[in-house]
1. In the range 75-121, what count of residues is obtained for those that are among the charged types (D, E, K, R), in a helix (DSSP H, G or I) and within 21 Å of L180 (Cα to Cα)?
2. Any residue in the range 108-130 that's touching a residue at least 40 places away in the same chain (Cβ under 8 Å): show its pairings with residues that are of a type outside the set (D, E) at Cβ separation under 6 Å, as long as the two are six or more apart or on different chains.
3. Go through (1) closer than 17 Å to R103 by Cβ; (2) within 11 Å of the ligand (Cβ to nearest atom) and name the single condition F67 misses.
4. Pairs under 6 Å by beta carbon, first residue within 17 Å of D12 (Cα to Cα) in the range 224-250, partner at pLDDT below 90 and part of a helix (DSSP H, G or I), six or more apart or different chains?
5. When the residues of the range 48-64 are filtered to those that are within 12 Å of the ligand (Cβ to nearest atom), part of a helix (DSSP H, G or I) and touching a residue at least 60 places away in the same chain (Cβ under 8 Å), which remaining residue is surrounded by the fewest Cβ atoms within 10 Å (Cβ to Cβ)?
6. Sort out which residues of the range 85-119 are within 14 Å of the ligand (Cβ to nearest atom), among the polar types (S, T, N, Q) and over 18 Å from the mean Cα position of the chain (by Cα), and write them in order of number.
7. Somewhere in the range 74-84, is a residue in contact with a strand residue (DSSP E or B) (Cβ under 7 Å, 6 or more places away or on another chain) and within 11 Å of the ligand (Cβ to nearest atom)?
8. What pairs come out if I take residues in the range 137-152 that are under 13 Å from L202 (Cβ atoms) and pair them with residues that are assigned to a helix (DSSP H, G or I) and of a type in the set (F, W, Y) whose C-beta lies under 6 Å away, six or more apart or interchain?
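The values are calculated or read from the model by the stated rules, or taken from the named source; none is laboratory data. Note that this is a predicted model, so its numbers are computed, not measured. As a convention, Cβ positions derive from the backbone with ideal geometry for all residues, glycine included, and neighbour counts pool all protein chains shown.
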Amino acid sequence: MVKKRAASSEIDNLPKHVAIIMDGNGRWAKKRGLPRIAGHRAGVGALQEIVNLSAKAGIEVLTVYAFSSENWKRPRTEISMLMELFASSLRQRFKGLHDNNVRLRFMGDLSLFPEKLRTSMKDAENLTTNNTGLKLVVAVNYGGRWDITNAFIQLCNKIKDKEVRIEDINEALIGEYVCLSDLPEPALFIRTGGEMRISNYLLWQLAYTELYFDDCLWPDFGAANLEKAFEWYAGRERRFGRTSEQIEHA
Ligand code: FPP
């Protein structure tokens, strides 16, 4: 008999915060003889499905890497098509997300994005600010080193203005200045596309995150893949430096 995979709703111990690197769009398109942008378009469809499934499963936060600070090195045509895709996806998918009670947030250095796109992103954030369902964080022009550098700059300015003393600096304080500091730390990281690296994503925030890699190319990542990742996560023992015995007797 084929063992039926548990639906997300049947899995205990779901992660509160899932962070995803959606990799493999280009290869997905190449395999089909299509231009790379077709892979990114299919990637938006996969993202929509994962958002719906995560919201339904009761995941609190989903943070997805849509454009890294290194992605500016891509051919200009791919970059401008990606910008157009972000803008059109926001236009077309916004209502559905809002109706689904999703709260949207963009994370990263938005200053390099076209002004019109920045305005749409801000509008989407403002319009969904009172939504109480899944928090969807879209990382754009984001880099983990940029994030930590930014925290440093903010803290140095506080020291300069005598609002913070050097003796007060500790991990908890630095953690207040990096992105996502108001949200639970990512519990599960998923990277599709077969590469096993973090690629400058959430370097500070992933310190204790469970890392899961799936060979599946992002546009093909669907319910079965997500449930497999959740099942794997549910079986992990999160020790945070302690021993198994300590966890058992806690
Ligand atoms: C990595 O695949 C993917 C990206 C750089 C872009 C991801 C963007 C989306 C899935 C669209 C998201 C849209 C919105 C509206 C947030 P790759 O191009 O590096 O693939 P490859 O490794 O196969 O070349």
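1. Within the range 75-121, the first condition is being among the charged types (D, E, K, R), and the residues that meet it are 76, 78, 84, 91, 93, 95, 99, 103, 105, 109, 115-116, 118.
Adding the requirement that they be in a helix (DSSP H, G or I) leaves 76, 78, 84, 91, 93, 95, 99, 115-116, 118.
Okay, now just the ones that are also within 21 Å of L180 (Cα to Cα), so 118.
Adding up the residues that qualify gives 1.
2. Hits for this filter: G108/A139; G108/V140; G108/N141; G108/Y142; D109/N141; L112/N141.
3. For F67, the exception is condition (1).
4. That search, which allows pairs on different chains as well, returns E227/S8; F230/S8.
5. To start, the set of residues in the range 48-64 that are within 12 Å of the ligand (Cβ to nearest atom) comprises 48-51, 62-64.
Now narrow it down to the ones that are part of a helix (DSSP H, G or I): 48-51.
Now drop any that are not touching a residue at least 60 places away in the same chain (Cβ under 8 Å), which leaves 49-51.
Details: E49: 13, I50: 24, V51: 20.
For the range 48-64, the residue satisfying everything is E49.
6. S88, Q92
7. Of the residues in the range 74-84, the ones in contact with a strand residue (DSSP E or B) (Cβ under 7 Å, 6 or more places away or on another chain) are 82.
Cutting the leftovers down to within 11 Å of the ligand (Cβ to nearest atom) gives us 82.
Yes, the conditions are met somewhere in the range 74-84.
8. As it stands, the answer is A151/Y177, since those pairs meet every condition given.
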